[in-house]
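*Asks:* Questions regarding the structure given below will be posed in turn.
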Amino acid sequence: MTATPAYGFQVPTARPYASSSHRVIKPGAAIVGMNSKDAASAKLASASHIAYAPSFQRNFRSSSVKLSKVVTKAAADSSNIKPVSGLPIDLKGKRAFIAGVADDNGYGWAIAKSLAAAGAEILVGTWVPALNIFESSLRRGKFDQSRMLPDGSLMEITKVYPLDAVYDSLDNVPDDVKTNKRYAGSSNWTVQEAAESVKQDFGSIDVLVHSLANGPEV
């Protein structure tokens, strides 16, 4: 028996923040964040092309039993291994940009700490209206306790960039937003401008994290 090939299957890809002329992310860089709806659709589309379900189910059950034995053995073998603090990877010499950090709560901050603990240099993008209070809190040491890493050092944020990911470029920004006092004093905060700023300052990044949660694009 054979399975019907899944013709026409397409893997969803993430829309980049800026055009190729403004590319900041290195080839092969990691992009953290996935749309669960897309993932579910991909699984459904793949499953819909599998023929002869009874045979597939029998093979799956057999494989599951074997996998269970392997997992059980692996768990037993690793019972004496001490847990590793932070991510079990080495990111020394790598640079990460986390979009969506405005305080020491939330996923963005936690992800930044994990990447920092693994050795990565940290850059963050902060929503413009929250930029001043976030930067002043950093300077005053308000976040020092929550910046503590597993080795006892404090997470260092190399640079904070103003960012409003609702707008791809300055041409997309309405006049009432441009003149809004909460945006006064900040510049280069659209996606395109922020990407250009990072490129000018550092050349490229290795890890991009999407942790935005305050806009219609989410």
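The values are calculated or read from the model by the stated rules, or taken from the named source; none is laboratory data. All values reported here derive from a predicted model rather than from experimental measurement. Here the Cβ positions follow ideal geometry from the backbone for every residue, glycine too, while neighbour counts run over all protein chains shown.
*Asks:* Taking residue 131 as the residue in question, decide whether it is at pLDDT below 95, surrounded by 14 or more Cβ atoms within 10 Å (Cβ to Cβ) and over 14 Å from residue 95 (Cα atoms).
*Replies:* no
*Asks:* Cβ contacts < 6 Å: first residue among the basic types (Lys, Arg), restricted to region 182-199; second residue outside any loop (DSSP other than H, G, I, E, B), any location; separation 6+ or different chain. Result?
*Replies:* What qualifies is 182/129.
*Asks:* Related question: May I ask you to list the residues in region 85-126 that are at pLDDT 95 or above and among the aromatic types (Phe, Trp, Tyr)?
*Replies:* Result: 97, 109.
*Asks:* In region 119-128, what count of residues is obtained for those that are under 25 Å from residue 151 (Cα atoms) and surrounded by 19 or more Cβ atoms within 10 Å (Cβ to Cβ)?
*Replies:* Within region 119-128, residues that are under 25 Å from residue 151 (Cα atoms) and surrounded by 19 or more Cβ atoms within 10 Å (Cβ to Cβ) number 5.
*Asks:* Give the residues of region 138-183 that are surrounded by fewer than 16 Cβ atoms within 10 Å (Cβ to Cβ), among the hydroxyl-bearing types (Ser, Thr, Tyr) and more than 18 Å from the chain's Cα centre (by Cα), sorted by residue number.
*Replies:* Answer for region 138-183, where residues must be surrounded by fewer than 16 Cβ atoms within 10 Å (Cβ to Cβ), among the hydroxyl-bearing types (Ser, Thr, Tyr) and more than 18 Å from the chain's Cα centre (by Cα): 146, 153, 169, 179.
*Asks:* Any idea which of (1) modelled with pLDDT under 95; (2) closer than 26 Å to residue 205 by Cβ is the one residue 149 doesn't satisfy?
*Replies:* (1) is the only condition that residue 149 fails.
*Asks:* Additional query: In region 92-111, which residue that is without any contact (Cβ under 8 Å) to a residue 60 or more places away in the chain and not in a loop (DSSP other than H, G, I, E, B) is surrounded by the fewest Cβ atoms within 10 Å (Cβ to Cβ)?
*Replies:* 110
*Asks:* Could you tell me how many of the residues in region 112-138 are touching a residue at least 40 places away in the same chain (Cβ under 8 Å) and farther than 15 Å from residue 184 by Cα?
*Replies:* 7
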